[in-house]
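Undergrad: Here it is, the structure in full.
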Amino acid sequence: MKNWYLKFSSQPHQPFFSSGMIFFIIFLTLLLGSFSSVFSLDSSLLTYHAYSMIFIVFVQFFMGFLYVVFPRFLVQAEIKKELYMKHFFLYFFSSLGFLLSILFANNFIFIFTLFLILAQILSFRILYSIYENSKVANKYDTKWILISFLFGLISHIIYYFSLFGFSNSYFLEKIAINSGFYLFLFGLIFSISQRMIPFFTQVKVQTYKINKSAKIMEIFFILMILKVVFLTLNLTIFSLIINIAFFIFIIFELYKWKLPLFNVSAIMWVLYISLYWIPIGFFISILQNSFELLNINFVFEKASLHTFALGYFSTILLGFGTRVVLGHSGQTPHANKFTTIIFIVVQIIVLLRIFTSFSLNLHFNYIFWVNLTTAILLISLVIWSLKYIKILLKGK
């Protein structure tokens, strides 16, 4: 047992990726069970679905990734195992406590949310310390990763105060979820994406030249802050303007990158495909805003949000996850037929989830389609985990 633990804890991504995937599967199971009326939860879907995905599931995946790459970006010593394992245990047991609170004792959600905030503060502190101590001249990408992480910390704290149930609690919750999703999660993933995907491409394709806008992250965050403000205040006309601006910005940026989609292996093209879901998500947002302004009776539900969450976040998570798991276990990062099929299925799931949102207008059985989408995603994650979590648990 001791030897297993030494191997399991030998690299930061191993415990964090394992925990992130375990809780991803558990919370999706809760969602499926709730919609299927297998069991009833006292807490609202928003409380455990939106919060858990932002501040429990995805954050652990990307903490594992950042604990590995951040010191390398900034040419600093690796984070000590004793330190990152303390952070891991705090994340893991706080997440477990949050889960048990939802199932059995809602009153304890306050306690475990506070512990999760503490874990996030400790993560920010260690990353900021690495950033401050580094003498590297170019800290552009790491700076914006920290800024997105700071937005996440602020969003998390706002969410915590919204739990106390006073007159403005719903508004605070709305701010927290919107800023947590767009400024923290979207910002963090985009910060990493715009750094790593062109870099990986340059390594794989000798003739490829990185060509990004000089102020890419400044433009991104200005637009994203405005999006969160207008979305939270329900200012549809301004939301439409920002969504159009964001759509143009992303299309222009992807055009500049000129990613060689058909000249790379599956482990790379899945990362590219994840990026192409971003303009699709903003195009859906543009349609939704336009329909609202024109008083066209059409329900979009959460189509754009799930396009981002499943199409961009989840696809890139599996792409990066597969690459990191293989690369840091001494294997060549690649996607065999098994993994490629999983990647393709996830893209089908995104289309199915968009259809599910639109199905409300066709008087289809919405619950059936939500359950079908969730079940297929759940099965896909379990199948991926059977292959890759085994590598994580086994250790280097």
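The values are calculated or read from the model by the stated rules, or taken from the named source; none is laboratory data. Everything numeric in this text was worked out from a predicted model, so none of it was measured. All Cβ positions, even for glycine, are placed from backbone atoms using ideal geometry, and neighbour counts span all protein chains on display. Each accessible area value is taken on the protein alone, full model and side chains, heavy atoms only, with ligands, DNA and RNA left out. Shrake-Rupley method; radii C 1.70, N 1.55, O 1.52, S 1.80 Å.
Undergrad: How much solvent-accessible surface does V59 expose, in Å² to the nearest 10, with a 1.4 Å probe and all protein chains in place?
TA: My reading of the accessible area for V59 is about 0 Å².
Undergrad: Right, here's the next one. For V325, V205, write out the residues from largest to smallest accessible area, computed with a 1.4 angstrom probe and no ligands counted. Don't skip to the end; give the middle numbers.
TA: On the way: V325 0, V205 25 Å².
From most exposed to least exposed: V205, V325.
Undergrad: Okay, moving on. On average, how much accessible surface per residue is there in the range 1-143, in Å², for a 1.4 Å probe, leaving out ligands, DNA and RNA?
TA: Solvent-accessible surface per residue comes out at 45 Å².
Undergrad: Tabulate in residue order the Karplus-calculated ³J(HN,Hα) for the range 57-67, using 6.51 cos²θ - 1.76 cosθ + 1.60 with θ = phi - 60°, rounded to whole Hz; enter x for Gly and Pro.
TA: Once θ is set to phi - 60°, the couplings for the range 57-67 become 6, 5, 4, 6, 4, 7, 5, x, 5, 5, 5 Hz.
Undergrad: If you roll a 1.4 Å probe over the range 228-267 with all protein chains in place, what percent of the accessible area is carbon or sulfur?
TA: The value for the range 228-267 is 78 percent carbon and sulfur by accessible area.
Undergrad: Would you compute the Debye intensity of the range 200-244 from its alpha-carbon atoms alone, equal scatterers and no solvent, and pass along log10 I(q)/I(0) at q = 0.16, 0.27, 0.33 Å⁻¹ to two decimals?
TA: Ignoring solvent entirely, the Cα scatterers give -0.57, -0.89, -1.06.
Undergrad: For the range 293-332, place one equal point scatterer on every Cα, skip the solvent, and apply the Debye formula. What is log10 of I(q)/I(0) at q = 0.31 Å⁻¹?
TA: Log-scaled intensity ratios, in q order: -0.93.
Undergrad: Provide the per-residue ³J(HN,Hα) series for the range 323-331, in order, calculated from phi with Karplus coefficients 6.51, -1.76, 1.60 and θ = phi - 60°, each as a whole number of Hz, with x at glycine and proline positions.
TA: Each residue's phi maps through the Karplus curve to give 4, 5, 4, 6, x, 8, 10, x, 9 Hz.
Undergrad: Could you give me D for the range 288-389, from Stokes-Einstein at 10 °C and 1.306 mPa s, where the hydrodynamic radius is the Kirkwood radius over C-alpha pairs? Units µm² s⁻¹, please.
TA: Roughly 105 µm²/s, to the nearest whole number.
Undergrad: Where the centroid of each part is defined by its Cα atoms, how far is the range 98-155 from the range 325-353 in Å?
TA: About 28 Å separates the Cα centre of the range 98-155 from the one of the range 325-353.
Undergrad: Further, regarding this structure: Taking 0.36 nm per residue of sequence separation and subtracting the Cα-Cα distance, how much length would be gained by fully extending the chain between S37 and L362, in nm to one decimal?
TA: Numbers: separation 325, 0.36 × 325 = 117.00 nm, distance 2.32 nm.
Length gained, S37 through L362: 114.7 nm.
Undergrad: Step through the table entries K7/K80; K143/K227; K80/K394; K139/K390; K143/K212, compare each Cα-Cα distance with 26 Å, and write down the pairs that go over it.
TA: K139/K390
Undergrad: Looking at the range 1-105, which chymotrypsin sites (Phe, Trp or Tyr not before Pro) are in a loop (DSSP not H, G, I, E or B) and have at most 10 other Cβ atoms within 10 Å? All intermediate terms of the calculation are to be shown ahead of the outcome.
TA: On the way: sites: W4, Y5, F8, F16, F17, F23, F24, F27, F35, F39, Y48, Y51, F55, F58, F61, F62, F65, Y67, F73, Y84, F88, F89, Y91, F92, F93, F98, F104; in loops: F39.
The qualifying sites are F39.
Undergrad: Cα-based Rg of the chain per 2.2 N^0.38 Å, rounded to two decimals?
TA: 0.95
Undergrad: For L393 and N133, FRET efficiency with R0 = 35 Å and r from the beta-carbon atoms, rounded to 0.05?
TA: So the FRET efficiency works out to roughly 0.60.
Undergrad: Just order 356-365, 273-282 by mean Cβ neighbour count inside 10 Å, highest at the front, would you?
TA: Ranking the peptides 356-365, 273-282 by packing returns 273-282, 356-365.
Undergrad: Got a number for carbon plus sulfur as a percent of the range 91-172's accessible area, 1.4 Å probe?
TA: After summing per-atom areas, the C and S share lands at 71 percent.
Undergrad: Give me the accessible area per residue for the range 178-329, probe 1.4 Å, as a whole number in Å².
TA: Per-residue accessible area for the range 178-329 comes out at 39 Å².
Undergrad: With a cut-off of at most 11 other beta carbons within 10 Å, and DSSP calling the residue loop, which trypsin sites (Lys or Arg not before Pro) in the range 182-217 qualify? Please list them.
TA: When the trypsin sites (Lys or Arg not before Pro) of the range 182-217 are filtered for loop state and at most 11 Cβ neighbours within 10 Å, K209, K215 remain.
Undergrad: Anyone know which of T340, T332, T373 comes out most mobile in the 10 Å Cα GNM of the chain?
TA: So, out of T340, T332, T373, the one fluctuating most is T332.
Undergrad: Mind listing the phi-derived Karplus ³J(HN,Hα) values for the range 163-169, rounded to whole Hz, using 6.51, -1.76 and 1.60 with θ = phi - 60°, and x for any glycine or proline?
TA: With coefficients 6.51, -1.76 and 1.60, one gets 6, 7, x, 9, 4, 9, 4 Hz.
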